[in-house]
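The values are calculated or read from the model by the stated rules, or taken from the named source; none is laboratory data. What you see is a predicted model; the values in this text were computed from it and never measured. Cβ: placed from backbone, ideal geometry, glycine included. Neighbour counts: every protein chain shown. Side chains are part of the model used for accessible areas, which takes the heavy atoms of the whole protein and leaves out ligands, DNA and RNA. Shrake-Rupley method; radii C 1.70, N 1.55, O 1.52, S 1.80 Å.
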Amino acid sequence: MGGLSICRATLLVQLLCLHVLAKKGGLRMEMLSVDDGNGNHVSAQARLARSNGQLLHQGRGRFPPGTSLWRAPRHPSWSLLQEDHALTARRVQAHIAKTIQSHAAQSQAYDEEIRSSKVLYIVYTGSQFYSTRAKWIMDTWGNRLQATDLVFIGDKPPTEMDKKALRGATVHLTGCRPHSHEEGMCCKLAEAALLANKLMQLSGAFEWSYLVDDDAYVRPDAMGNYLAQQSHADSGGLVFGLFGCTTNKCHDGLCGGGGYAADTAAMAALVGDNATAFLTEEMQNCKTCDGWADMALSTIFQDRGLETRHLSGANGWRLKKPCFDKELVDATSGEEPLMYHYIKTEAQMKLLDALFTAHGTTVPSPPDEQNRCAAYLGNVQCAESMKTENLPWDVTSSSSC
């Protein structure tokens, strides 16, 4: 057999037909789970890692035990590839111009005196989530940012009720196909990079942009401190993320659940000076990478020669409770958690927010406190119940980390 063979049919058939040839083609045997495309991870027989001397280490937000690195192929229609890319790019640029205009007015001509950080946060969302996920962000971590520092990428103008929920945050209307997790998302990631680059260039105050899904809890203070400590003055462009995900033809790519942070030089080099060419490149890479937008984008990172580093503290996968607790203990030595992905409910988002903001407080401990409660720097917070929708961690798997 000449390498890695995947039987593409149902997920079950993929699991039964997964073969890895050890120590050939730069691969070695490890544990693997397969991502079914909806954030669900099913154990399989091997995990891919590139044996080039770079360790794909456990913990610190990299790859928790059982994490999926292999990406099963998606099957989008790719109708966008049939559209004139120049037409799509013109539509995207027109939408960006409107967002820049409204953002400039909101930022009071980018007055640095009111700016809370040097990080621009871009959040991918959709109109179906304005009153839920986007609102929860603005009720928690987004509320600690200046309105100029956070932009949602949506698909419809917010209603008056939505505007109230979003607390004045900028909503950029995508020029890409809405409600599409494949080709639409591929286009949207390119659009987000174009928007971030434009905002960074015009502002002059942002040194970094961090782009992430709307089902993520982010700690802006910790993220800002982490990025401020990174040396990048002599770099031609620096990108932080979780790298190592793999498809048939795309390797060691971005695992987008942890988001990614790019400095000014990296974002400028990424998008270049031709929006049509950049969008075309992303969409063509997306097809090569079996429909995975993050993998396609990181292929461009590689082609541009950008330096990529591990974003320590980014949790792109839902953590088992022991792993969640261990990371909080590690925070006492300065290794702070930066973000958590797959935060799907208001209760989960608010529990994390209480955990990281109400310092020195405690709540009454229930009998099952080990699984319901968490402690961060003396602050103990507990979920209302053991229902999955209340827990930002996983208690259904093994008890070890």
**Report entry** Modelled FRET efficiency - R0 22 Å, Glu160 with Lys98, Cβ distances, 0.05 increments
**Finding:** 0.70
Report summary line: Ordering 345-355, 96-106 by per-residue average of other C-beta atoms within 10 angstrom, highest first, gives 345-355, 96-106
Query raised in the report: How much of the accessible area of the range 153-300, probe 1.4 Å, is carbon plus sulfur, in whole percent?
Result: 48
Query raised in the report: List the trypsin sites (Lys or Arg not before Pro) in the range 164-259 that DSSP assigns to loop (not H, G, I, E or B) and whose Cβ has at most 15 other Cβ atoms within 10 Å. Which are they?
Result: Arg167, Lys249
Query raised in the report: Want the number for Lys287 to Met386: 0.36 nm per residue separation, take away the alpha-carbon distance, what's left?
Result: 31.5 nm
Report summary line: The ³J(HN,Hα) series, computed from each phi in the range 127-135 with the Karplus coefficients 6.51, -1.76 and 1.60 at θ = phi - 60°, rounded to the nearest Hz and given as x for glycine or proline, is 4, 5, 10, 4, 8, 10, 4, 5, 4
Report summary line: Under the Karplus relation with 6.51, -1.76 and 1.60 and θ = phi - 60°, whole-Hz ³J(HN,Hα) for the range 349-358, x at Gly and Pro, equal 5, 6, 5, 4, 5, 5, 5, 9, 10, 8
**Report entry** Positive minus negative residues near Ala97 (Lys, Arg vs Asp, Glu; Cβ under 15 Å)
**Finding:** +3
Query - Derived scalar couplings ³J(HN,Hα) [the range 241-254; Karplus, 6.51 cos²θ - 1.76 cosθ + 1.60; whole Hz; x for Gly, Pro] - result: x, 9, 10, x, 6, 9, 10, 4, 10, 10, 10, 6, x, 5
Report summary line: For Arg90 and Gln146, extending 7 Å from Cα along the Cα-Cβ vector and measuring point to point gives, in nm, a value of 3.6
Query - Only Lys, Arg (+1) and Asp, Glu (-1) charged, at Cβ; the range 184-266 dipole about Cα centre in debye - result: 160
**Report entry** Protection-proxy order for peptides 259-266, 306-313, 209-216, 283-290, each taking the mean of Cβ atoms within 10 Å per residue, highest first
**Finding:** 259-266, 209-216, 283-290, 306-313
Requested in this report: Could you pull out every residue, at least 5 positions away or on a different chain, whose amide H is within less than 5 Å of the one on Tyr121? Hs are placed 1.01 Å off N in the peptide plane, and Pro or chain starts have none.
Outcome: Leu150, Val151, Tyr210
Report task. Classify the range 227-288 as rounded, prolate or oblate, taking a ≥ b ≥ c as the square roots of the eigenvalues of its Cα gyration tensor: rounded when a/c is under 1.5, otherwise prolate if a/b is larger than b/c and oblate if not. Result -> oblate
Query raised in the report: Once the piece of chain linking Ala268 and Glu369 is laid out straight, how much longer is it, given 0.36 nm per residue of separation minus the C-alpha distance between them?
Result: 31.6 nm
Query raised in the report: For Leu297, what charge total do you get from the other residues with a beta carbon under 12 Å from its beta carbon, if Lys and Arg give +1 and Asp and Glu give -1?
Result: -3
Query raised in the report: Taking only C-alpha pairs under 8 Å that are 6+ residues apart, what is the relative contact order of the range 135-185 in percent?
Result: 35
